[in-house]
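The structure appears below as structure tokens.
FYI, it's all coordinate maths here, none of it is from the lab. Keep in mind that this is a model prediction, so the values were computed, not measured. Every residue, glycine as well, gets a Cβ built from its backbone with ideal geometry; the counts of neighbours run over all protein chains shown.
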Amino acid sequence: MVVIKKLRNSGFDIDIAGNSPDGIDMFVDNDYDLILMDIMMPEVDGFEVTRLIRALDKGKDLPIIVITADAYEINDEICKKNDINAFLVKPIDYNALSDLINKLMIPD
């Protein structure tokens with residue numbers, strides 16, 4: 001929640017889904033610039049949600065950052081295989097997240 005508060009204070013509009021189906025519905029009904037997704041979401045994991053998002057036209061190029069509590073669960077190869085742009089391990093460091101968002105949102 002601290003990271004979310006810092007993101008909001010930095011000017012980001014944030015929506016939070018309580019579970020995977022809600023997240024998918026929110027994605028369909030709204031336009032987002034970026035998705036932060038927990039791998040261990042209730043009902044459907046973050047990998048499957050990413051596949052569902054990528055299957056929709058507006059989700060093909062959307063930056064997706066996944067978040068995990070288990071550093072052994074994900075790496076760059078798994079991200080590439082699952083069409084995920086990047087990952088962070090909990091606890092989330094706000095500066096690392098901010099740098100990653102800037103990297104994904106502001107191309108070189």
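Worth a mention:
- Remark on residue 37: its backbone amide H falls under 5 Å from those of 65, 66, 67, a criterion applied only to residues 5 or more positions apart or on other chains, H modelled at 1.01 Å from N.
- Think of it as helices only: each DSSP H run of n ≥ 4 in the chain is worth -39500 (n - 2.57), and spread over all residues that comes to -12000 deg cm²/dmol at 222 nm.
- Shown for the chain: lysine pairs separated by 8 or more places, or found on different chains, whose C-alpha atoms are under 22 Å apart, numbering 15.
- The chain: DSSP helices with Cα axial extent of at least 15 Å and average Kyte-Doolittle hydropathy no lower than 1.6: none
- In Hz, Karplus ³J(HN,Hα) per residue of the range 33-40 (6.51, -1.76, 1.60; θ = phi - 60°; x = Gly, Pro): 8, 6, 10, 9, 10, 7, 5, 9
- Between residue 86 and residue 61, residue separation times 0.36 nm minus the direct Cα-Cα distance comes to 7.7 nm.
- Sorted by Cβ neighbour density within 10 Å, fewest at the top, the residues 13, 22: 13, 22
- Relative contact order of the chain, taken over Cα pairs closer than 8 Å and 6 or more residues apart, is 22 percent.
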